[in-house]
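Undergrad: Please see the structure below; I have some questions.
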């Protein structure tokens, strides 16, 4: 190397890898947030419907955490073996969403008097499947019926 030779050129370090890792990390965080944002409320609804499917209406009534005006007799009229939604032998959670300006999460559930849940191709059994919306209060995971049609936001 002589005095007239230029100094060796240092290649600029590519920052593409750092930007790629950052972008993938942000995307993963967003995907996980959308996948698990209503997880506790969904689990509360699953415990409730699992208790109903097992025939344990006492536990289901406790998990509902009813107001004093919603007696066990009223609960059984809705969810019991002869109730409006009963008997619940199988269920499938269809979707969860958060109604506008509310401290609840709306959980839409398909309930069936057959076990396992009938396939859509089984028209006779599928006709007896009902879709019900229940609200899960985020603070104490109590359940209730929504007061009317549900309008949800997604962010």
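Undergrad: For the stretch 55-91, give me each residue that is more than 17 Å from residue 138 (Cα to Cα) and out of contact with any helix residue (DSSP H, G or I) (no Cβ under 9 Å at 6 or more places or on another chain).
TA: Result: 55, 68, 69, 71, 73, 74, 77, 78.
Undergrad: A follow-up question, please. Could you tell me whether any residue of the stretch 70-78 is under 18 Å from residue 135 (Cα atoms) and either touching a strand residue (DSSP E or B) at 6+ places or on another chain (Cβ under 7 Å) or exposed (fewer than 10 other Cβ atoms within 10 Å of the Cβ) (or both)?
TA: Checking the stretch 70-78: not a single residue is under 18 Å from residue 135 (Cα atoms) and either touching a strand residue (DSSP E or B) at 6+ places or on another chain (Cβ under 7 Å) or exposed (fewer than 10 other Cβ atoms within 10 Å of the Cβ) (or both).
Undergrad: Is there any pair linking a residue in the stretch 31-57 that is in contact (Cβ under 8 Å) with a residue 60 or more places away in the chain and at negative phi to one that is exposed (fewer than 15 other Cβ atoms within 10 Å of the Cβ) and in a loop (DSSP other than H, G, I, E, B), with Cβ under 9 Å and at least six apart or on different chains, and which?
TA: Qualifying pairs under 9 Å: 53/115.
Undergrad: Within the stretch 1-60, which residues are surrounded by 10 or more Cβ atoms within 10 Å (Cβ to Cβ) and part of a loop (DSSP other than H, G, I, E, B)?
TA: Answer for the stretch 1-60, where residues must be surrounded by 10 or more Cβ atoms within 10 Å (Cβ to Cβ) and part of a loop (DSSP other than H, G, I, E, B): 37, 38, 54, 55, 56.
Undergrad: Taking the stretch 92-128 only, how many residues are part of a loop (DSSP other than H, G, I, E, B) and closer than 17 Å to residue 45 by Cβ?
TA: Within the stretch 92-128, the subset part of a loop (DSSP other than H, G, I, E, B) is 100-103, 113-122, 127-128.
Filter again for closer than 17 Å to residue 45 by Cβ, leaving 102-103, 117.
The number of residues fulfilling the criteria is 3.
Undergrad: Out of everything in the stretch 83-102 that is modelled with pLDDT under 90 and either closer than 25 Å to residue 57 by Cβ or exposed (fewer than 12 other Cβ atoms within 10 Å of the Cβ) (or both), what residue ends up being farthest from the chain's Cα centre (by Cα)?
TA: 86
The values are calculated or read from the model by the stated rules, or taken from the named source; none is laboratory data. Not measured: the values here are computed from a predicted model. We place every Cβ from the backbone using ideal geometry, glycine too, and count neighbours over all the protein chains shown.
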